[in-house]
Amino acid sequence: VDAFQAWCGPCKTVVDLFRKIRNEVGSDLLHFAVAEVDSIDALEKYRGKCEPVFLFYTGGELVAAVRGANAPLLRKTILEQL
């Protein structure tokens, strides 16, 4: 989940990375979403930051988080979580 704030918007720089990884591993295993933290109370702790936050869930549980648009770390985290 790309957790973003309305004033900043979702992180467009990693969309290509996500598409590439999804094509590599298959669409059944990996799903991407965006969430505006300003309108979701459960994501309140991610408000007020000027860096993107990527949240990784498995079975409805938060299993990892990556702060910043660090493509190598995002790729590593996605592949580890799969």
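The values are calculated or read from the model by the stated rules, or taken from the named source; none is laboratory data. Predicted model, so just to flag it, every value in this text is computed and none were measured. With ideal geometry, Cβ positions are generated from the backbone for all residues, glycine too; neighbour counts draw on all protein chains shown. Side chains are part of the model used for accessible areas, which takes the heavy atoms of the whole protein and leaves out ligands, DNA and RNA. Shrake-Rupley method; radii C 1.70, N 1.55, O 1.52, S 1.80 Å.
Ordered from largest to smallest accessible area (heavy atoms of protein chains, 1.4 Å probe), the residues Glu24, Glu61 come out as Glu61, Glu24. The lysines whose alpha-carbon is closer than 28 Å to the alpha-carbon of Lys45, local same-chain residues fewer than 8 away aside, are Lys12, Lys76. Karplus-derived 3J(HN,Hα) values for the stretch 35-52, using 6.51 cos²θ - 1.76 cosθ + 1.60 with θ = phi - 60°, are 9, 7, 5, 5, 10, 10, 4, 5, 9, 4, 5, 9, 6, x, 9, 9, 10, x Hz; glycine and proline are entered as x. Over all other residues within a Cβ to Cβ distance under 12 Å of Phe18, the charged ones net out to +2, with Lys and Arg as +1 and Asp and Glu as -1.
Calculated FRET efficiency, Asn70 to Asp41, Cβ-Cβ distance, R0 = 22 Å: about 0.20 to the nearest 0.05.
Taking the DSSP beta bridges with both ends in the chain, the antiparallel portion is around 75 percent. Residue by residue, the stretch 18-23 carries 3J(HN,Hα) couplings of 4, 4, 4, 5, 5, 5 Hz when phi is fed to the Karplus relation 6.51 cos²θ - 1.76 cosθ + 1.60 (θ = phi - 60°); x denotes Gly or Pro. The alpha carbons of the chain give a radius of gyration and a Dmax of 12.3, 34 Å, in that order.
Backbone amide hydrogens, once placed in the peptide plane, bring Tyr57 within less than 5 Å of Val63, excluding anything fewer than 5 places away on its chain. By accessible area, using a 1.4 Å probe on protein heavy atoms only, the stretch 2-81 has 52% of its surface on carbon and sulfur.
Shape class for the stretch 1-41, computed from the alpha carbon gyration tensor (a ≥ b ≥ c): oblate, with a/c not under 1.5 and a/b at or below b/c.
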